[in-house]
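Take a look at the structure below.
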Amino acid sequence: MIKKILSGTTCAKCRMCCIFDRYDVWETPLFEEKTMEKVKSACPSAEFAKKGGGYVLNVGKMTDDELFTCPALSETGCILGDEKPFDCRIWPFRVMELDGCRIIAVSSLCVDVHSQSHDSLRTFLKEGLAAEIFAYADKFPEAVHEYYDNYSVLLFENEVKY
Ligand code: SF4
């Protein structure tokens, strides 16, 4: 979905968005039932909890230096391939809520994308992805997180026609 601005090779080399510490574990994706079942059949120890119309990973309590690896991550990358959760397909973009408005923001953890001109990222989003992201947020409001300041705000919903 974001191959135009981030090469598949660069993305595959980095596992940053699939491994979480206690501070960013809230970023684990929302899974739809079909993908949740697929992860469970490949990794029966994976635990999920229902959240709205989807499922989230049951991570449990984490200590300061502990890392949580998404159970869908294998030696060769995500076992879900093109069926990975929408949150993963659009990362490092995220739909968030800021001062009562929905926004799209970009994570500073993805250096490759975050270092691109934010004007060019806005243009890219307005070509269609922003509309898809807000439509997804309508379908799964539980995927909308409160604004987190490790992200840079790119677009407010009222700037996007969809
Ligand atoms: S579902 Fe796949 S892409 Fe998403 S966090 Fe897990 S391993 Fe990474």
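Where a number appears in this text, it was derived from the coordinates with a stated rule and is not lab data. On a predicted model such as this, the values are computed, not experimentally measured, just so you know. As a convention, Cβ positions derive from the backbone with ideal geometry for all residues, glycine included, and neighbour counts pool all protein chains shown.
Which angle between 0 and 90 degrees, to the nearest 10, do you get for helix 33-42 versus the longest principal axis of the chain when only C-alpha atoms count?
With rounding to tens, the tilt is 40 degrees.
What lysines does Lys161 reach when the alpha-carbon gap must be under 18 Å and sequence neighbours fewer than 8 apart in one chain are set aside?
Partners found: Lys126, Lys139.
Just to confirm the number: angle between the C-alpha axis of helix 130-139 and the first principal axis of the chain, 0 to 90 degrees, nearest 10?
With both axes taken from Cα atoms, the answer is about 50 degrees.
Starting from 0.36 nm per residue, how many nanometres of slack lie between Glu132 and Ile19 once their C-alpha separation is accounted for? Walk me through the numbers on the way to the answer.
Working: separation 113, 0.36 × 113 = 40.68 nm, distance 2.54 nm.
Extra length from Glu132 to Ile19 when fully extended: 38.1 nm.
Report the label-to-label distance for Lys61 and Thr123 in nanometres (one decimal), using points 7 Å from each Cα along the Cα→Cβ vector.
Roughly 5.1 nm, to one decimal.
How much net charge surrounds Phe156 when only the other residues with a Cβ under 10 Å from the Cβ of Phe156 are counted, with Lys and Arg +1 and Asp and Glu -1? Can you show the working numbers first?
Numbers: positive: Arg102; negative: Asp99, Glu157, Glu159.
Neighbour charge sum, excluding Phe156 itself: -2.
For the peptides 151-160, 102-111, 9-18, what is the packing order when you average, over each peptide's residues, the other Cβ atoms within 10 Å and list the highest mean first? Walk me through the numbers before you get to the answer.
Values: 151-160: 16.0, 102-111: 19.1, 9-18: 13.9.
By packing density, highest mean first, the sequence is 102-111, 151-160, 9-18.
Can you give me the relative contact order of the chain as a percent, contacts being Cα pairs under 8 Å and 6 or more apart? Don't jump to the answer; show the numbers that get you there.
On the way: 203 pairs, mean separation 38.8, N = 162.
Relative contact order here is 24 percent.
What distance in nm separates the simple spin-label points at Lys38 and Lys51, each placed 7 Å from Cα in the Cβ direction?
The modelled label-to-label distance comes out at 1.9 nm.
Order the peptides 75-88, 52-65 from the highest to the lowest mean number of other Cβ atoms within 10 Å of their residues. Provide the component values of the computation, followed by the final result.
Numbers: 75-88: 15.8, 52-65: 13.1.
Taking the mean over residues of other Cβ atoms within 10 Å, the ranking is 75-88, 52-65.
In the neighborhood of Ile103, defined by Cβ-to-Cβ distances under 14 Å, what is the net charge if each Lys or Arg adds +1 and each Asp or Glu adds -1? List each step's numbers first, then the result.
Values: positive: Arg94, Arg102, Arg122, Lys126; negative: Glu97, Asp99, Glu146, Asp149, Glu157, Glu159.
Computed value for this residue: -2.
Using the basic label-point model (7 angstrom from Cα toward the beta carbon), what is the His145 to Cys101 distance in nanometres?
Spacing of the two 7 Å Cα→Cβ label points: 2.1 nm.
Going Cα to Cα from Lys61, which lysines come in below 27 Å? Please leave out same-chain ones fewer than 8 positions away.
In chain and number order, the partners are Lys34, Lys38, Lys40, Lys50, Lys51, Lys84.
Using a Gaussian network model of the chain with C-alpha springs under 10 Å, which one of Thr69, Thr28, Thr123 is most mobile by mean-square fluctuation?
Between Thr69, Thr28, Thr123, it is Thr123 that shows the largest mean-square fluctuation.
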